[in-house]
Amino acid sequence: MAGHSKWHQIRHKKGLLDKKKGQMFSKVARMIQVAARDGDDPEKNYKLRLAIEKAREINMPKDVIDRAIKKGAGKLEGAALEEFFLEGYGPNGIALLIEVLTDNRNRTTSEVRAILNKAGGSLAEPGSVSWMFKQKGVINLEDVANKEEAELLAIDAGAEDIQEDVSSLQIICDAKDLSQIKNLFEEKGYKANAELLMIPSTTINIAMAEQAKKILKLMEDLEDLEDVQKVHSNFDIPESIMEEVL
């Protein structure tokens with residue numbers, strides 16, 4: 001179970017998304033706002049379309065979505081948001097690539113540094129860990145009745161990797177193919193959630209439950225920060241260890 005490519009499943013199992021829906025509204029609204037800078041038509045702006053789909057997944061009201069789009073497109077006043085990555089290290093030397101949207105870079109950097117230091121990690125210089133990651137498209141299929149059929153469809157569509165988890169499948173593809181592959185699965189009747197993630201080229205195996213707990217607590221604490229959108233990492237936790245800690 002490697003880094004952020006499966007972190008969403010961990011959050012789902014722990015019930016974190018339901019408990020923090022208000023916080024998710026704020027994060028996704030910011031995501032929409034930034035995406036809308038490149039155009040307020042989701043048919044022509046795929047990044048915006050993904051953000052709107054994410055908003056609908058958490059049942060964000062339409063008026064909140066529309067307001068965020070207008071802010072990003074400059075049709076309403078709103079705080080100027082800066083989008084950037086912070087890089088760092090966590091327990092066991094895991095690499096962390098922290099995706100940030102903020103109106104105050106110094107405040108956010110200070111908050112992230114404090115959480116990392118508390119967990120025995122540290123911030124790193126730009127470029128220290130980002131070279132390990134590459135942006136990929138990730139499609140999550142839930143309640144898959146026929147995995148073999150879904151896997152063959154994914155392979156034919158050009159998937160680079162496929163990961164299984166009980167009744168779900170995770171498909172990793174080239175970022176530019178994300179929209180096409182997602183649409184293909186939806187046309188076949190699958191429930192497909194898609195997002196762009198930073199996938200590590202190599203991973204660090206976490207072989208002890210206590211180590212895994214510390215890492216997952218750090219991921220949760222970082223994503224609890226309002227200005228942190230996503231945390232990408234290169235840890236790899238075996239399923240047997242995950243069963244102990246969840």
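The values are calculated or read from the model by the stated rules, or taken from the named source; none is laboratory data. Keep in mind that what you see is a predicted model, and the values were worked out from it rather than measured. So basically every Cβ, Gly included, is an ideal-geometry build from the backbone, and we count neighbours across all protein chains shown.
Tell me whether the stretch 36-43 contains one or more residues that are modelled with pLDDT of 90 or more, buried (at least 22 other Cβ atoms within 10 Å of the Cβ), more than 30 Å from Leu218 (Cβ to Cβ) and small (Gly, Ala, Ser).
yes
Looking only at the stretch 51-91, how many residues end up being in a helix (DSSP H, G or I) and in contact with a strand residue (DSSP E or B) (Cβ under 6 Å, 6 or more places away or on another chain)?
0
Looking at (1) of a type in the set (S, T, N, Q); (2) within 30 Å of Leu184 (Cα to Cα); (3) out of contact with any strand residue (DSSP E or B) (no Cβ under 7 Å at 6 or more places or on another chain), find the lone condition where Asn140 falls short.
Only one criterion is unmet by Asn140, namely (3).
I'm trying to understand the selection: among the residues of the stretch 176-191, which are over 16 Å from Ile155 (Cα atoms) and either of a type in the set (Gly, Ala, Ser) or in contact with a Leu (Cβ under 6 Å, 6 or more places away or on another chain) (or both)?
Gly189
Those residues that are crowded, with 19+ Cβ neighbours inside 10 Å and in a helix (DSSP H, G or I), I need them from the stretch 116-131; list them, please.
Leu116
Is it fair to say Leu178 is farther than 17 Å from Gly88 by Cβ and touching a residue at least 24 places away in the same chain (Cβ under 8 Å)?
Spelling it out, Leu178 is indeed farther than 17 Å from Gly88 by Cβ and touching a residue at least 24 places away in the same chain (Cβ under 8 Å).
Mind checking which pairs have a first residue in the stretch 68-83 that is free of Cβ contacts under 8 Å to residues at least 24 places away in the same chain and a second that is of a type outside the set (A, V, I, L, M) and part of a loop (DSSP other than H, G, I, E, B), Cβ under 7 Å, 6 or more apart or different chains?
Listed by first residue and then by second, the contacts come to Ala80/Asp103.
Conditions: (1) within 17 Å of the chain's Cα centre (by Cα); (2) at pLDDT 90 or above. Lys20 meets all but one. Number of the miss?
The single condition Lys20 does not satisfy is (2).
Mind listing whichever residues of the stretch 101-114 are at pLDDT 95 or above and touching a Leu at 6+ places or on another chain (Cβ under 6 Å)?
The answer is Glu111, Val112, Arg113.
For the stretch 44-76, how many residues are surrounded by 17 or more Cβ atoms within 10 Å (Cβ to Cβ), hydrophobic (A, V, I, L, M, F, W, C) and touching a Leu at 6+ places or on another chain (Cβ under 8 Å)?
Residues in the stretch 44-76 being surrounded by 17 or more Cβ atoms within 10 Å (Cβ to Cβ), hydrophobic (A, V, I, L, M, F, W, C) and touching a Leu at 6+ places or on another chain (Cβ under 8 Å): 2 in total.
Taking Leu141, is it aliphatic (A, V, I, L, M), more than 20 Å from Ala35 (Cβ to Cβ) and crowded, with 19+ Cβ neighbours inside 10 Å?
Yes; evaluated as a whole, the condition is true for this residue.
Looking only at the stretch 165-202, count every residue that is out of contact with any helix residue (DSSP H, G or I) (no Cβ under 7 Å at 6 or more places or on another chain), over 26 Å from Met31 (Cβ atoms) and not aliphatic (A, V, I, L, M) and tell me the total.
Looking only at that region, the number is 2.
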